[in-house]
1. Through the Karplus equation 6.51 cos²θ - 1.76 cosθ + 1.60, θ set to phi - 60°, convert the phi angles of region 18-29 into ³J(HN,Hα) values in whole Hz; use x for Gly and Pro.
2. Quick one: dipole size for region 13-60, taken about the Cα centre, charges +1 on Lys/Arg Cβ and -1 on Asp/Glu Cβ, in debye to the nearest 20.
3. Report, ordered by chain and residue number, the lysines lying within cross-link reach of Lys15, taken as a straight Cα distance under 16 Å and ignoring same-chain residues fewer than 8 apart.
4. If amide H atoms are built 1.01 Å from N in the plane of the peptide, which residues on other chains or at least 5 residues away come under 5 Å of the amide H of Ile51?
5. Which FRET efficiency, nearest 0.05, do Asp22 and Gln46 yield, Cβ-Cβ r, R0 30 Å?
6. Please name which of Gly20, Cys38, Leu52 has its Cα lying farthest along the dipole of region 11-58 towards the positive end, using unit charges on Cβ (Lys, Arg +1; Asp, Glu -1) and the Cα centre as origin.
7. Quick one: plug the Kirkwood hydrodynamic radius of region 11-58 (C-alpha pairs) into Stokes-Einstein at 4 °C, 1.567 mPa s, and report D in µm²/s.
Amino acid sequence: MDSIPEPRGKFVKVKCPDCGNDQITFDRASTQVTCLVCGATLVKPQGGKAILKGEHKTVE
Ligand SMILES: [Zn+2]
């Protein structure tokens, strides 16, 4: 059986600064993540790690 590679990076819950929607995303997203409710940018990829907008915390 193939082993499953360890995931790199963590999932984080980001609170949209515009509408307050909580959204789960990846802290090393390679693409921009937008709020599903209002369309605001929540995560912006930059140089291998992502810039997280608004409040965020790691999801255990
Ligand atoms: Zn929003």
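1. 8, 10, x, 5, 8, 9, 8, 8, 10, 6, 10, 4
2. It works out to roughly 160 debye.
3. Within reach: Lys44, Lys53, Lys57.
4. Lys44, Gln46
5. That gives a FRET efficiency of 0.85.
6. So the residue furthest toward the plus end is Leu52.
7. This corresponds to a translational diffusion coefficient of 127 µm²/s.
Bear in mind these aren't lab numbers, they're just calculated from the coordinates by the rules spelled out. Given the structure is predicted, the values throughout are model-derived calculations rather than measurements. Every residue, glycine among them, receives a Cβ derived from its backbone with ideal geometry; neighbour counts consider all protein chains shown.
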